[in-house]
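What follows is one structure encoded as structure tokens, with my remarks underneath.
The values are calculated or read from the model by the stated rules, or taken from the named source; none is laboratory data. As the structure is a computational prediction, the values presented were derived from the model and not from experiment. Counting neighbours? That spans all protein chains shown, and the Cβs are built from the backbone with ideal geometry, glycine included.
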Amino acid sequence: MFPKDRLSAPMMIYTAAPFVGPEVGPVMGGFINQYTNWRWSFWVLVIWAGVQWMLILFFVPETYVPVLLRRKAIKLRKETGDSRWQAPIEKMNRSVAKTVLWSCVRPFQLLFFEWFALPRV
């Protein structure tokens, strides 16, 4: 996402985020609760989450290749009128329920079978 000469600033922010949050959160929560009621702690969290969601929605580009190919196929079908343009993700015949179920099973597979791949010492 970033050229090598500009990588240091984003990496600093990304690395510092897990450490800054636990430090700044209680301080901000203390100020919010001191000057308003406790409900505003939750409202501030909801507002912050909404701002972050909007920033991600508008400024973070899609990078998942199957989705990009689907967009390209839709664009080509619209431009050429040829319905032969199909992305691989459009040809899949999995249902939503099967996809959700597989998403729930996969973490447990990784948890139980990962230790087989670890090197033996």
For this session: Test E90 against the criterion of being surrounded by 10 or more Cβ atoms within 10 Å (Cβ to Cβ), more than 30 Å from M28 (Cα to Cα), in contact with a helix residue (DSSP H, G or I) (Cβ under 9 Å, 6 or more places away or on another chain) and not small (G, A, S), and give yes or no.
Result: yes
For this session: Could you identify the single residue in G50, G25 that is at pLDDT below 95 and either within 23 Å of the chain's Cα centre (by Cα) or surrounded by 12 or more Cβ atoms within 10 Å (Cβ to Cβ) (or both)?
Result: G25
Exercise. Which of the residues that make up region 62-102 are of a type in the set (D, E, K, R) and part of a helix (DSSP H, G or I)?
Worked result: R70, R71, K72, K75, R77, K78, E79, E90, K91, K98
Exercise. So which residues in region 79-101 are modelled with pLDDT of 85 or more, within 18 Å of V67 (Cβ to Cβ) and not acidic (D, E), if there are any at all?
Worked result: W85, Q86, A87, P88, I89, K91, V96, T99, V100
Exercise. So which of L45, L68 ends up being modelled with pLDDT of 90 or more and either loosely packed, with under 10 Cβ neighbours inside 10 Å or within 18 Å of the chain's Cα centre (by Cα) (or both)?
Worked result: L68
